[in-house]
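Asker: One structure coming up, written as structure tokens, with questions to follow.
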Ligand code: SF4
């Protein structure tokens, strides 16, 4: 689903998080649009989201086990022809493991929620709010309601993280709460992450479902952070100086080979990244992107 056009410059919650994590990574990803290769974890996350979107898009009494099997198969047919899935180039054993691990995430979902009882208000809803010279906008994965009001929630197919290690996830969801406040004229009372990874029976429901209250303080913090990040991006774009932030996350950074902090040449990223992706596309039998 494409985002609607805007007259104002727009930041999404994920752009803000990327810049906060590492300005150089932001440069590679959003300023230079260096094409990246999908990872198995990313594609599994998208696949599980899609199955749950299909399932929870049904009327509550139709969200049966049989329906979830149909939705799994429908999503699988979609993914088998999607570029990101094909670019993984999984052999038959790895592909079987991919579907098994996705099923495992869905089993974890069933252990923490009865889909027939989920009170879903919206799925994949576009929301936006202006913040002076710019706006923030994005798609909410899932907006639900309980007796206290709205909850902005999302699934993660990673292992559960306790609330104090979920701050990035909470911050991202709090942007959506801010956008709901403007657009729906109702402030969600909480943000919530459903962690679906990490194996069979290792985690209790309380470990997998982690929430944070939405308060004037948390809304004010994300509003201030968005303004600060917007100003910092404008300054980095005009000076051309994007700082690096070396952490253990660099091991999973798709742009590490061109990162100056790791001895790379940032100016080669766009050309070499395009070549790398085109080589993979050719190997995967996909047309070369122009
Ligand atoms: S390798 Fe690390 S420092 Fe370099 S761009 Fe990626 S995240 Fe930033």
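Asker: Among 22, 105, which is the only one that is surrounded by 13 or more Cβ atoms within 10 Å (Cβ to Cβ) and more than 16 Å from the ligand (Cβ to nearest atom)? Full working, then the answer.
Answerer: On the way: 22 fails: more than 16 Å from the ligand (Cβ to nearest atom).
Just one listed residue meets the conditions, 105.
Asker: Please determine whether any residue of region 132-148 is within 23 Å of residue 105 (Cα to Cα), outside any strand (DSSP E or B) and at pLDDT below 95.
Answerer: No, every residue in region 132-148 fails to be within 23 Å of residue 105 (Cα to Cα), outside any strand (DSSP E or B) and at pLDDT below 95.
Asker: Moving on to the next point. Take the residues in region 142-162 that are over 18 Å from the mean Cα position of the chain (by Cα) and more than 15 Å from residue 123 (Cα to Cα), then tell me which one is surrounded by the fewest Cβ atoms within 10 Å (Cβ to Cβ).
Answerer: Across region 142-162, the extreme among qualifying residues is 147.
Asker: Considering only residues that are touching a helix residue (DSSP H, G or I) at 6+ places or on another chain (Cβ under 9 Å), within 15 Å of residue 109 (Cβ to Cβ) and not in a loop (DSSP other than H, G, I, E, B), which ones fall in region 197-222?
Answerer: Result: 205, 208, 209, 210.
Asker: On to the next question. List, please: which pairs have Cβ atoms under 7 Å, are six or more places apart or on different chains, and start with a residue in region 24-39 that is in a helix (DSSP H, G or I) and end with one that is away from the ligand (no atom under 12 Å from the Cβ)?
Answerer: 30/15; 31/237
Asker: Moving to a separate point now. Answer yes if at least one residue in region 238-245 is part of a helix (DSSP H, G or I) and away from the ligand (no atom under 14 Å from the Cβ), and no otherwise. Outline the logic, then answer.
Answerer: The initial filter retains those residues of region 238-245 that are part of a helix (DSSP H, G or I), namely 238-239.
Among the residues that remain, those that are also away from the ligand (no atom under 14 Å from the Cβ) are: 238-239.
Yes, region 238-245 contains a residue that is part of a helix (DSSP H, G or I) and away from the ligand (no atom under 14 Å from the Cβ).
Asker: Taking residue 275 as the residue in question, decide whether it is closer than 22 Å to residue 150 by Cβ, without any contact (Cβ under 8 Å) to a residue 12 or more places away in the chain and more than 22 Å from the chain's Cα centre (by Cα). Reasoning before the result, please.
Answerer: Values: closer than 22 Å to residue 150 by Cβ: no; without any contact (Cβ under 8 Å) to a residue 12 or more places away in the chain: yes; more than 22 Å from the chain's Cα centre (by Cα): yes.
No: the conditions fail for residue 275.
The values are calculated or read from the model by the stated rules, or taken from the named source; none is laboratory data. Quick caveat, the model's predicted, so the values are computed rather than measured. Here Cβ is always computed from backbone atoms with ideal geometry, including for glycine, and neighbour counts include all displayed protein chains.
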